[in-house]
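**Q** Take a look at the following structure, please.
The values are calculated or read from the model by the stated rules, or taken from the named source; none is laboratory data. Quantities reported herein were computed from a predicted structural model and do not represent experimental measurements. A quick note on method: Cβ atoms are made from the backbone with ideal geometry, for glycine too, and the neighbour counts reach across all protein chains shown.
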Amino acid sequence: MELIYKSTRNSNETATASMAILKGLADEGGLFVPDSVPAFDVSLDELAGMDYREVAYNVMKLMLTDFTEDELRHCINSAYDDKFDTKEIAPLVKKAGAYYLELFHGSTIAFKDMALSILPYLLTTSAKKNNVHNEIVILTATSGDTGKAALAGFADVPGTKIIVFYPKNGVSPIQEKQMVTQKGDNTFVVGIKGNFDDAQTGVKKMFSDAELNSYLNEKGYQFSSANSINIGRLVPQMVYYVYAYTRLVADGTIKAGDKINVVVPTGNFGNILAAYYAKQMGLPINKFICASNENKVLYDFFSTGNYNRNREFILTSSPSMDILISSNLERLIYRIAGNDAVKNKELMTALSGKGEYTITDDMKKELADFYGNYASEAETAATIKKVYESDSYIMDTHTAVAATVYDKYVSETGDKTPTVIASTASPYKFTRSVMNAIDSEYDKKTDFELVDELNRLSGVKVPQAIEDIRTAPVRHDTVCEKDEMLAEVKKFLGI
Ligand SMILES: *Cc1c(COP(=O)(O)O)cnc(C)c1O
């Protein structure tokens, strides 16, 4: 049966999976959501015997029902190949009382690779299926990691161009270097004088500008999105939770049907939402532990039912989570409102107007599976140091936010359910913050001295992604005001 996607803001706007992937965002700023999430058609024990690609096929085929088996297997096999530096694709590592699901073994060493290595294939396949002949322009706002992963995924892909906006002073030095050295004639990287929310708001505005979109169409272009608002990014993320669970079944840690908890360091709410959808597919998840940094808008939301972005934007050592408007939360709001587009739209209108909304008590009851908390900068650093000292395991700052929140959860609840922590970036991507957490003396060293020191302490090989940028020349140096984003897009496209 064909799975239909609907807009969270207008239930009359529907799309097949491939159409939803092509469009990225629904009209009127809505997001596409599956009408219902189909149940697994193989058992968890069977999945435990499969490798990453096979698990991916068995999950994704249920969500992308208008793709043929050949099309989907082509996308999966092209994405999850030796671009990943480990055969497992996403290894599960037991350390310090939890299972760290290392999602950073792809070409840009952050978990965004899990979805962005496959999105270009899903998108070009979707274009073919729908007889789209326009060139596809990927428009992306990034808090640091999406940008590089999307650039790497789309560089030199025929029929596409990619434009990335990042907050000029809001990403790590390594993140910036990774982006501005990007090769590929179809790539364009712009720093904006603003924060991530400014970048995301500017991009969303271009998406929903009907006049602009018809002008682009005349010129043979159409926009699509590589942000986690695209279901082509959400669906591949469901896979790794299923994969992690079934590894625990395979090694006898749990029996098929036993519950696990997941801890997700959260920004735009895409990763944790994928886990939520995986549960609806039948994955036995007990708690979704939503970890925030000092931009703790989600913690406050889960505690009070009030979402309020009217607050100071704090630059932290986990920049990919420095977000006050968590886009994918809208998909959860829509769901807990009883798939009610009218109610959802009301709340989202309040968010863009007053900057806040409050959900009803009935909606709040639907959030019983979620636990939210946050980690301060000092707590995050202390966790990195503690786990390095106890287990010789060095984690990145985002993962450390998750590990800190997990500790808080356990001391509050005493819950001993086996727990998977999403480890979302390599420590090499945030070397300075990570090394400073271990010893503040390191701050005197240069970025690449720190890379070599991290290598010495951890015994983990320096990833190719880091070696690549040691000497790579800067190819992108455009910086613009936040109200000049459209002008930059037009300039790059020559229209
Ligand atoms: C993007 C990102 C996050 C946040 O993920 P969301 O899906 O936006 O919630 C966390 N950690 C890292 C390293 C990231 O790149």
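**Q** Are any residues in the stretch 418-450 over 25 Å from the mean Cα position of the chain (by Cα), farther than 15 Å from THR383 by Cα and either in a helix (DSSP H, G or I) or not charged (D, E, K, R) (or both), and if so, which ones?
**A** Passing the criteria: GLU441, TYR442, ASP443, LYS444, THR446, ASP447, PHE448, GLU449, LEU450.
**Q** Any chance you could count how many residues in the stretch 219-241 are assigned to a helix (DSSP H, G or I) and more than 13 Å from the ligand (Cβ to nearest atom)? Walk me through it before giving the result.
**A** Step one: filter the stretch 219-241 for residues assigned to a helix (DSSP H, G or I), giving 231-241.
Narrowing the set further to residues that are more than 13 Å from the ligand (Cβ to nearest atom) leaves 231-232, 235, 239.
Residues in the stretch 219-241 being assigned to a helix (DSSP H, G or I) and more than 13 Å from the ligand (Cβ to nearest atom): 4 in total.
**Q** For the subset of the stretch 311-354 comprising residues that are more than 16 Å from the ligand (Cβ to nearest atom) and among the β-branched types (Val, Ile, Thr), which member is farthest from ALA368 (Cα to Cα)?
**A** THR349
**Q** Taking the criterion of being in a loop (DSSP other than H, G, I, E, B), more than 13 Å from the ligand (Cβ to nearest atom) and acidic (Asp, Glu), would at least one residue in the stretch 379-399 satisfy it?
**A** Looking for residues that are in a loop (DSSP other than H, G, I, E, B), more than 13 Å from the ligand (Cβ to nearest atom) and acidic (Asp, Glu), one finds none in the stretch 379-399, hence no.
**Q** Next up: Out of VAL405, VAL410, I need the residue that is at pLDDT 95 or above, over 18 Å from LEU103 (Cβ atoms) and either touching a His at 6+ places or on another chain (Cβ under 8 Å) or of a type outside the set (Lys, Arg) (or both). Which one?
**A** Values: VAL405 fails: over 18 Å from LEU103 (Cβ atoms).
After ruling out the rest, the residue left standing is VAL410.
**Q** In this structure, does GLY170 turn out to be assigned to a strand (DSSP E or B) and more than 20 Å from ALA465 (Cα to Cα)?
**A** For GLY170, the condition - assigned to a strand (DSSP E or B) and more than 20 Å from ALA465 (Cα to Cα) - is not met.
**Q** Search the stretch 286-310 for residues being assigned to a strand (DSSP E or B) and crowded, with 20+ Cβ neighbours inside 10 Å, and hand back the single one that is farthest from the ligand (Cβ to nearest atom).
**A** TYR307
**Q** Might you check whether a residue that is away from the ligand (no atom under 16 Å from the Cβ) and in a helix (DSSP H, G or I) occurs anywhere in the stretch 141-158?
**A** Yes, the conditions are met somewhere in the stretch 141-158.
**Q** Which condition breaks for GLU71 when tested against (1) more than 16 Å from the ligand (Cβ to nearest atom); (2) buried (at least 21 other Cβ atoms within 10 Å of the Cβ)?
**A** Going through (1) more than 16 Å from the ligand (Cβ to nearest atom); (2) buried (at least 21 other Cβ atoms within 10 Å of the Cβ) one by one, GLU71 breaks only (2).
**Q** Also, quick follow-up: Going through ALA256, ALA244, ALA274 one at a time, which residue ends up being in contact with a Leu (Cβ under 6 Å, 6 or more places away or on another chain) and in a loop (DSSP other than H, G, I, E, B)?
**A** The conditions single out ALA256.
**Q** Quick check on this structure: which one of GLY220, GLY232, GLY184 is surrounded by fewer than 21 Cβ atoms within 10 Å (Cβ to Cβ) and within 15 Å of LEU116 (Cβ to Cβ)?
**A** Going through GLY220, GLY232, GLY184 in turn, the sole match is GLY184.
**Q** Could I ask something else about it? Would the stretch 115-131 turn up any residue that is within 12 Å of the ligand (Cβ to nearest atom) and among the polar types (S, T, N, Q)?
**A** Our first condition is that a residue be within 12 Å of the ligand (Cβ to nearest atom); within the stretch 115-131, this holds for 115-116.
From what's left, among the polar types (S, T, N, Q): none.
No; the residues of the stretch 115-131 include none that is within 12 Å of the ligand (Cβ to nearest atom) and among the polar types (S, T, N, Q).
**Q** Within the set of pairs 6 or more residues apart or between chains, which connect a residue that is touching a residue at least 60 places away in the same chain (Cβ under 8 Å) and closer than 13 Å to THR399 by Cβ inside the stretch 259-272 to a residue that is away from the ligand (no atom under 12 Å from the Cβ) and assigned to a helix (DSSP H, G or I) with Cβ atoms less than 6 Å apart?
**A** VAL263/TYR406
**Q** So which helices (runs of 4 or more DSSP H) are wholly in the stretch 1-98 and hold at least 1 residues that are under 22 Å from the mean Cα position of the chain (by Cα) and in contact (Cβ under 8 Å) with a residue 12 or more places away in the chain?
**A** It comes to 17-23, 52-63, 69-79.
**Q** Looking only at the stretch 268-285, filter to residues that are closer than 17 Å to TYR406 by Cβ and in contact with a Ser or Thr (Cβ under 8 Å, 6 or more places away or on another chain); which one of those is farthest from the ligand (Cβ to nearest atom)?
**A** Ranking the candidates gives ILE272 first.
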